[in-house]
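Engineer: Okay, here's the structure, questions in a sec.
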Amino acid sequence: MRIEAILEERRPVFSFEFFPPKTDEGMENLWRTAQELKHDEPAFVSVTYGAGGSTRDRTITIVKRIKQELGLEAMAHFTCVGATTDELRSVLDDMRDAGIENVLALRGDPPQGQEEWTATEGGLSYSTELIELIGAEYDFSIGAACFPEIHPTATSMDSDIGFLKKKVDAGAKFLITQLFFDNEMYFDFVEKARAAGIDVPIIPGIMPVTNFGQIKRFTDMCGATIPTSLECELEERQHDPDAVRDLGVAYATLQCSELLARGAPGIHFYVLNRAPVARSVLAALRAAQPWARPLAPATI
C-alpha cells in the first residue's frame, strides 16, 4: 500500500527504520528484529542505503524480503550517489517488478573517505532531480527527508525550506525528519514549512537513546543537537548501560507523547536494528493514547 494512502487512512502511523548489515550475522539479527516488530503492526518500515550507495543491492534485497515474507509495507531508501541515470532506472525497475510501492528519495552522502559530494558522470546532482525522474517514469509513492535543525550544508533555514518546497513540488508526497530531541524545533519547522506552502505530512523521526557515546557520534555527524539537560543526565549515567537505556526509553516516550498530542501524524523510529527499546516506547504510547487527548493551551 502506498504510504501517502496509509497516512490518509490511519493516524497516528508508527514505522521503523532499519539499516543493511555488512555481515551474515548482522542480517540474521535484522531478520529477528523485523519479525519481532511485526507484532507491533507498523504502518510501514524502511531500509537505508549505506554511505555512497554502498549497500544498494542489499537494501533492495531486504526490502523485498520484508514485504514478500513478512507482509509488511516496506520502503527503500534510494540515492543518486555512485550511479548513472540508466543504473538508477535499472534499480527502480527491479523494485517495481518486486512489488515495492514506496521510495524515500535522497541525494545521499559522499562515499566513505570523501568529504565533498560530487555527482557521478551521467548521473544526478540533487534529490529534486531524483524525485522528478521517479515521478515522471514510475508509479511509486515518493517520500523525502527534512531537517528541523536545517541540513548541514544549507546556508539558512529559509533556503532549506525553499529547497524542501522544490522536493514537494517535484512529487514528494510525505516527509520524514532527521532525528531531533527538542520538540519545539519540530513544531517551529512545521510552522515555517506550512507558511511556505508545504502541505504534505511531516513525520517526526525519533531515535531512543541506548548508548551515550553512540548518540553523540550520530548527532555530531548529522548536525542534530542534544538539549543540555538531557546530555547532562546521559553523561552522569554513561557508564551504566541499563540506566542510559532506561532514561532513553523514558525521554523518547515523553517526547513522542507530546508530539502526538500536538498533532504529529505519527512517529518514525530509528531502531538501529534492535527491537526492545522501540517496542517499549510504542507499547507505552498505545496504552496512553496521547493523540486522543490533544494538549490544550495552558490556563494558569
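The values are calculated or read from the model by the stated rules, or taken from the named source; none is laboratory data. Please read these numbers as outputs of a predicted model, since none were measured by experiment. Neighbour counts are summed over all protein chains in view; Cβ atoms, including those assigned to glycine, are modelled from backbone coordinates with ideal geometry. For accessibility, only protein heavy atoms count, side chains too; no ligands or nucleic acids. Shrake-Rupley method; radii C 1.70, N 1.55, O 1.52, S 1.80 Å.
Engineer: Hey, if we sort Asp24, Asp240 by accessible area with the 1.4 Å probe, largest down, what's the order?
Structural biologist: Sorted descending by solvent-accessible area, the residues read Asp24, Asp240.
Engineer: With a 1.4 Å probe and every protein chain left in place, tell me how much accessible area Cys146 has, in Å² to the nearest 10.
Structural biologist: Using a 1.4 Å probe on the heavy atoms, I get roughly 0 Å².
Engineer: Suppose accessible area is computed on protein heavy atoms with a 1.4 Å probe; arrange Tyr126, Tyr270 from highest to lowest.
Structural biologist: Descending order: Tyr126, Tyr270.
Engineer: For the range 205-300, evaluate the Debye formula with one uniform point scatterer on each Cα (no solvent term) and list log10 I(q)/I(0) at q = 0.10 Å⁻¹, rounded to two decimals.
Structural biologist: Those come out to -0.29, one per q.
Engineer: For the cross-link pairs Lys22/Lys216; Lys67/Lys167; Lys22/Lys67; Lys67/Lys192, which exceed 31 Å when the distance is taken from alpha carbon to alpha carbon?
Structural biologist: The answer is Lys67/Lys192.
Engineer: On average, how much accessible surface per residue is there in the chain, in Å², for a 1.4 Å probe, leaving out ligands, DNA and RNA?
Structural biologist: 47
Engineer: Now, a different point. Taking only Cα atoms of the range 3-71, what ratio of Rg to Rh do you get with Rh as the Kirkwood inverse-distance radius?
Structural biologist: 0.99
Engineer: List the trypsin sites (Lys or Arg not before Pro) within the range 1-72 that fall in a DSSP loop (any state other than H, G, I, E or B) and whose Cβ has at most 10 other Cβ atoms within 10 Å.
Structural biologist: none
Engineer: So how do Asp246, Asp188 rank on accessible area, 1.4 Å probe, biggest first, that is with the largest at the start?
Structural biologist: The most accessible residue leads, giving Asp246, Asp188.
Engineer: Could you pull the Rg and Dmax for the range 70-198, using just the Cα atoms, both in Å?
Structural biologist: 15.3, 43
Engineer: Keeping all protein chains in position, work out how much accessible area Glu4 exposes to a 1.4 Å probe, and write it in Å² to the nearest 10.
Structural biologist: 50
Engineer: I need two numbers for the range 155-258: Rg to one decimal and Dmax as a whole number, Cα atoms only, in Å.
Structural biologist: My reading of the Cα-based Rg and Dmax gives 15.7, 47 Å.
Engineer: Okay, next question. For the chain, with all protein chains present and a 1.4 Å probe, just round the carbon and sulfur fraction of the accessible area to a whole percent.
Structural biologist: 48
Engineer: Length gain on complete extension for the stretch Ala243 to Lys38, per 0.36 nm per residue less the alpha carbon to alpha carbon distance?
Structural biologist: Separation in residues times 0.36 nm, less the Cα-Cα distance, equals 71.1 nm.
Engineer: So what is the diffusion coefficient of the chain in µm² per second by Stokes-Einstein at 37 °C and 0.692 mPa s, using a Kirkwood Rh over Cα pairs?
Structural biologist: 166
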